[in-house]
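The values are calculated or read from the model by the stated rules, or taken from the named source; none is laboratory data. Just so it is clear, the structure is predicted and the values come from calculations on it, not from any experiment. Every residue, glycine among them, receives a Cβ derived from its backbone with ideal geometry; neighbour counts consider all protein chains shown. Accessible surface is based on the protein model in full, side chains and every heavy atom, while ligands, DNA and RNA are left aside. Shrake-Rupley method; radii C 1.70, N 1.55, O 1.52, S 1.80 Å.
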Amino acid sequence: KTPRLARFVRLCERVHSTSKMGANTSCMDDPGQSKANAAPNMEVKRKGEADEKAASDADMKQAEEWRAKTHTKNVEEQLLYDELAEQYKFKILLLGAGESGKSTILKQLKNIHDKKGKLSKEETARIIVNLHQNCVDCMKAILSNMEKYALEITDEKLQKVKDMVDDFPDDTRLSPTQAEDLQALWKSDAIQGTYENRADFWILDSCEYYMENITRFAEEDFMPTEEDAVRVRIRTTGIIVSDLKSRYDRKPDEPPHLSVKIVDVGGQRNERKKWMHCFDDVKCILFLASLAGYKQVLFEDSKVNRVREALMLFQEITHKNLFKDTPIFLFLNKKDLFEQMIRKHKLSECDEFADYKGNSSYQSAFGYIKHKFREQLPAGKEVEIFDVTGVSRRDVKEAFQEVKKRLLEIHRPAMEKKKADINKRIKALRRSGPGCSMM
C-alpha cells in the first residue's frame with residue numbers, strides 16, 4: 001500500500017500544479033523529408049511547408065483536446081486516465097552484435113521524430129572529436145595490417161605522416177595540415193592495396209566516407225551535417241534510453257501519439273551482460289544484423305566472422321522463454337555495402353554459408369541469408385524481416401512504420417479491451433458522488 005500512497009500524493013501535487021498551467025503540447029514527428037531532399041521548385045517547397053504546418057497545427061489541436069479530456073482534478077479519476085495512457089506506451093529493445101548499426105538506426109529514428117533536430121553544443125563537439133578519431137582509427141587499422149600483404153610506405157614524407165598517426169593521442173582534433181597529410185597517405189598505393197583486403201581485418205564501414213571528407217572535418221568552422229552525425233561511430237557502452245513521440249493510425253478516442261521508449265545497449269560481448277536489466281515489459285525486439293558481415297570480422301575478436309556471431313546471438317535471444325510471446329523484427333542492415341561486396345566476394349566464401357549454391361545477385365543472396373536466420377528460430381516462432389540501409393532516412397522510416405503498424409495489429413485488441421474497462425470504471429466513479437467534474 002505504501003507505493004500506492006506515495007503515488008497518490010505525487011498525483012495530488014501534479015494535479016494542483018496542472019490546474020494552474022495551460023496546455024503545453026508539441027508535435028514531435030517530422031512528416032517531410034530533410035532539406036537536402038526538398039524539391040527545388042519553390043511552389044512545391046511552399047506547398048510542402050504549408051502541409052507540414054497544417055499537420056503540425058492538427059497535431060497540436062489533437063494533443064490539446066486529448067489533454068483536456070484526460071486531465072481532471074479528481075485524483076482517483078486521474079489515476080484511471082494515467083492507466084489508460086500506459087496502454088499507448090511501447091518499450092522497444094534494440095539488440096544486435098557490435099557493428100550491426102544499432103546506434104545508426106537509433107540516430108535516424110531520433111532525427112525522424114524530432115522536428116527541431118538540432119544538436120546541442122555538447123553533442124556537436126562530441127561528434128566532431130569522434131569523426132576525427134574515426135579517421136585516425138581507420139588509418140591505424142590499415143597501417144597495422146599492411147605488412148601482411150608485403151606493402152610498405154616508401155615516400156619519406158608519407159612515412160612521417162605514418163609516424164604521426166601511430167603516435168596520435170585519442171580524442172584529439174586533427175589540424176587542417178594533419179588532415180591534408182592523412183588524406184595524402186590514404187591515397188597512396190600501399191594504403192589502397194591494404195584497404196582492398198579489408199575483409200580480412202576489422203575496420204569501420206564508413207572508412208571511405210571519413211577519408212573523403214577529412215579535410216572538411218578539420219576546417220576551423222566545421223559543423224556536422226545530418227549525414228556526418230549519422231555516420232560518426234561512437235561505440236555504445238551501457239544503456240541508452242530514447243523517448244520518442246510517434247504518429248500512428250489513431251482513432252478519435254485515442255492519444256495523438258504513441259510514446260515509444262527505445263532501449264539501446266552495447267553490442268560487444270562485454271556489454272551483453274547488461275542486457276538482462278532491460279528485458280522487462282518489452283513490446284517488441286528490433287534485432288539488427290549486418291548483411292555485409294559475411295566478409296567481416298568482429299572488433300573484439302578478429303578470428304570470428306560477424307554474421308556467424310549474429311546468427312548465434314539471434315538464436316540465443318529468440319530461444320529465451322522470456323521472449324516466447326514477444327514479437328521480433330529483424331533488420332538486416334547495410335544492404336548498400338552488401339550489394340557492393342556480393343559482386344566481388346561470393347556468399348560461399350563465408351564458412352557459415354559454404355553450402356550456398358545461388359548466383360551473385362542481391363535477391364538470391366539476400367533470400368538465402370533470410371532463410372539462415374529463420375533456421376535459428378524455435379519451432380512456431382515467427383519473425384518479420386526487413387532489408388535496410390541504416391544511413392538512409394527513407395529506409396529506416398518506412399521499416400519503422402511497418403513495425404508500428406504490426407505492433408498495433410498485435411496489441412490493439414488487448415488495448416481496446418483495457419480501454420473499455422477503464423472507461424467503464426471512470427463512468428462508475430463519476431456516478432458515485434460529487435467532486436468528480438472534468439477540468
Please list, in chain and number order, the residues 5+ apart from residue 90 or on another chain whose amide H is under 5 Å from its amide H, with Hs placed from the backbone. 259, 260, 261
Which value, in Å² and to the nearest 10, is the accessible area of residue 187 when all protein chains are kept and the probe is 1.4 Å? 140 Å²
Charges on Cβ only, +1 for Lys and Arg, -1 for Asp and Glu, centred on the Cα centroid of region 72-132; of 129, 75, 109, which one is farthest towards the dipole's positive end? 129
Please list 164, 211 from largest to smallest accessible area, probe radius 1.4 Å, with all protein chains kept in place. 164, 211
Quick one: which residues, 5+ away or cross-chain, put their amide H under 5 Å from the amide H of residue 290? H built at 1.01 Å from N. 333
Evaluate the charge dipole of region 362-417 about its Cα centre and quote only its size in Debye, nearest 20, assuming +1 on the Cβ of each Lys and Arg and -1 on the Cβ of each Asp and Glu. 120 debye
Counting only protein heavy atoms with a 1.4 Å probe and every protein chain in place, the carbon and sulfur fraction of the accessible surface of region 109-182 in whole percent equals 47 percent
Give me the accessible area of residue 235, 1.4 Å probe, in Å² rounded to the nearest 10. 80 Å²
Would you mind putting 249-255, 383-389, 105-111 in packing order, based on average other-beta-carbon counts within 10 Å, highest first? 105-111, 383-389, 249-255
Calculate log10 I(q)/I(0) of region 96-209 for q = 0.13 Å⁻¹, where I(q) comes from the Debye formula with a single equal point scatterer on each Cα and nothing for solvent. -0.60
Computed magnitude of the charge dipole of region 332-437 (debye, nearest 20; Cβ of K, R +1, Cβ of D, E -1): 1080 debye
Could you tell me the center-to-center distance, by alpha carbons, between region 366-439 and region 178-222 in angstrom? 42 Å
Residue by residue through region 149-157, the couplings from Karplus 6.51 cos²θ - 1.76 cosθ + 1.60 with θ = phi - 60°, in Hz, x for Gly and Pro, are 10, 6, 10, 8, 8, 9, 5, 4, 5
